[in-house]
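**Student:** Below is a structure I'd like to ask you about.
The values are calculated or read from the model by the stated rules, or taken from the named source; none is laboratory data. Only a predicted model underlies this, so the values are computations on that prediction, with no experimental measurement involved. Reconstructed Cβ throughout: ideal geometry from the backbone, glycine too, with neighbour counts over all protein chains shown. When the accessible area is computed, the model is the full protein with side chains, heavy atoms only, and any ligands, DNA or RNA have been set aside. Shrake-Rupley method; radii C 1.70, N 1.55, O 1.52, S 1.80 Å.
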Amino acid sequence: ELSQLETLRAESFRQPVLIYKHSTSCSISSTALNRLERNWNAQEMADLKAYQLDLIRHRAVSNAVAAEFGVRHESPQVLILRNGECVYDASHLGISYPAVKAQVA
């Protein structure tokens with residue numbers, strides 16, 4: 001929901017927030033998501049709140065994320081919010097668990 005963007009922004013003042021923009025019809029998006037999930041360590045990421053956005057079903061929300069946080073829309077894409085702002089974004093095969101982990105550390 002579009003209304004959730006303000007909730008995510010507010011939440012990012014308490015802990016880092018990750019948004020994974022996923023296209024269910026894109027093999028690169030599935031590959032990037034699989035790479036994150038295979039390497040994900042819940043203990044290492046305990047301070048990160050993660051959300052997945054299906055941008056096929058919720059294109060308006062995906063566009064609003066790009067506009068609200070000042071990033072170019074890409075798919076797949078990972079964004080990390082901290083203190084109400086996007087502090088990191090990566091797309092396609094540039095999405096990696098070590099890079100996300102470094103942003104949370």
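**Student:** Within the stretch 7-16, can one find any residue that is without any contact (Cβ under 8 Å) to a residue 12 or more places away in the chain, part of a helix (DSSP H, G or I) and β-branched (V, I, T)?
**Tutor:** Scanning the stretch 7-16 turns up at least one residue that is without any contact (Cβ under 8 Å) to a residue 12 or more places away in the chain, part of a helix (DSSP H, G or I) and β-branched (V, I, T).
**Student:** Scan the stretch 58-83 residue by residue and report those that are polar (S, T, N, Q) and surrounded by fewer than 15 Cβ atoms within 10 Å (Cβ to Cβ).
**Tutor:** Matches in the stretch 58-83: N63, N83.
**Student:** Residue under question is A32, and the condition is that it be open to solvent by less than 70 Å² (accessible area, probe 1.4 Å), under 17 Å from Q103 (Cα atoms) and of a type in the set (G, A, S); does it hold?
**Tutor:** no
**Student:** Just give me the residues in the stretch 10-21 being open to solvent by 70 Å² or more (accessible area, probe 1.4 Å) and in contact with a helix residue (DSSP H, G or I) (Cβ under 9 Å, 6 or more places away or on another chain), in sequence order.
**Tutor:** The answer is none; no residue qualifies.
**Student:** Here's a follow-up. What single numbered condition from (1) open to solvent by less than 40 Å² (accessible area, probe 1.4 Å); (2) modelled with pLDDT of 90 or more fails to hold for T7?
**Tutor:** Of (1) open to solvent by less than 40 Å² (accessible area, probe 1.4 Å); (2) modelled with pLDDT of 90 or more, only one is false for T7: (1).
**Student:** Still on this model: Across the stretch 44-57, which residue is most open to solvent (accessible area, probe 1.4 Å) among those that are free of Cβ contacts under 8 Å to residues at least 40 places away in the same chain and either assigned to a loop (DSSP other than H, G, I, E, B) or of a type in the set (A, V, I, L, M, F, W, C) (or both)?
**Tutor:** Here the answer is R57.
**Student:** Which condition number in (1) over 19 Å from N34 (Cα atoms); (2) open to solvent by 30 Å² or more (accessible area, probe 1.4 Å) is the one that V104 fails?
**Tutor:** Answer for V104: the failing condition is (2).
**Student:** Report yes if G94 is touching a Cys at 6+ places or on another chain (Cβ under 8 Å) and open to solvent by 30 Å² or more (accessible area, probe 1.4 Å), otherwise no. Spell out the reasoning first.
**Tutor:** Numbers: touching a Cys at 6+ places or on another chain (Cβ under 8 Å): no; open to solvent by 30 Å² or more (accessible area, probe 1.4 Å): yes.
Answer is no for this residue.
**Student:** Check off (1) touching a strand residue (DSSP E or B) at 6+ places or on another chain (Cβ under 9 Å); (2) in contact (Cβ under 8 Å) with a residue 12 or more places away in the chain; (3) not in a loop (DSSP other than H, G, I, E, B) for T24 and give me the number that stays unchecked.
**Tutor:** All conditions are met except number (3).
**Student:** (1) open to solvent by 30 Å² or more (accessible area, probe 1.4 Å); (2) of a type in the set (V, I, T); (3) under 14 Å from the mean Cα position of the chain (by Cα): which one isn't true of T24, the others all being true?
**Tutor:** It fails just one condition, (3).
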